[in-house]
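Q: After the structure tokens below, expect a handful of questions from me.
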Amino acid sequence: MDIKLFLEDWLAVSNAYYTEKYLDKWHKNAVLDDPSVGQVFKGHSGIKNYFESYFIGYKTQTRLVKLEIISDNKAHIEVEFTGEFPEGKIGGMFDFTFKDGKLAKAKANLM
């Protein structure tokens, strides 16, 4: 699996607000923990709620700032979010674990 290519596509799909393509990047039992919003999102239904609320709802665009591939199934990215939220622009990060060519776990946070 080419993690860099996968994450570039994940960001493009996210920025285009393609919900079904976004969900297709996630394992069906994936878990996304985002302490900045105080919630853990489980499975496609939870991750869909996260995406629709915090990305589509705030018209969030995400720009990759830094990518660190930790192993063949782990990566860390730093990003810049812009959108219709109070700050207008803010840094963020994701730590990812991949399984079967999809996102299995993610820890997200604002910086």
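Any read-out appearing in this document is the output of simple, stated calculations on the displayed coordinates, not a laboratory observation. Computed from a predicted structure; not experimentally measured. Positions of Cβ are generated from backbone atoms using ideal geometry, with glycine treated the same way; all protein chains shown enter the neighbour counts.
Q: Specify which of the listed residues (Lys25, Lys89, Lys21, Lys105) is out of contact with any Cys (no Cβ under 9 Å at 6 or more places or on another chain), free of Cβ contacts under 8 Å to residues at least 12 places away in the same chain and either within 15 Å of Trp10 (Cβ to Cβ) or buried (at least 18 other Cβ atoms within 10 Å of the Cβ) (or both).
A: Exactly one of Lys25, Lys89, Lys21, Lys105 is out of contact with any Cys (no Cβ under 9 Å at 6 or more places or on another chain), free of Cβ contacts under 8 Å to residues at least 12 places away in the same chain and either within 15 Å of Trp10 (Cβ to Cβ) or buried (at least 18 other Cβ atoms within 10 Å of the Cβ) (or both), namely Lys21.
Q: Something else: In region 7-26, which residues are more than 19 Å from Asp95 (Cβ to Cβ), of a type outside the set (Gly, Ala, Ser) and in a helix (DSSP H, G or I)? Full working, then the answer.
A: Our first condition is that a residue be more than 19 Å from Asp95 (Cβ to Cβ); within region 7-26, this holds for 12-13, 15-21, 23-24.
Filter again for of a type outside the set (Gly, Ala, Ser), leaving 13, 15, 17-21, 23-24.
Result: Val13, Asn15, Thr19, Glu20, Lys21, Leu23, Asp24.
Q: Across region 28-52, which residue is nearest to Gly92 (Cα to Cα) among those that are small (Gly, Ala, Ser) and free of Cβ contacts under 8 Å to residues at least 40 places away in the same chain?
A: Taking region 28-52 first, the residues small (Gly, Ala, Ser) are 30, 36, 38, 43, 45-46.
Applying the additional criterion that residues be free of Cβ contacts under 8 Å to residues at least 40 places away in the same chain yields 38, 43, 45-46.
Values: Gly38: 15, Gly43: 22, Ser45: 23, Gly46: 20 Å.
The residue in question is Gly38.
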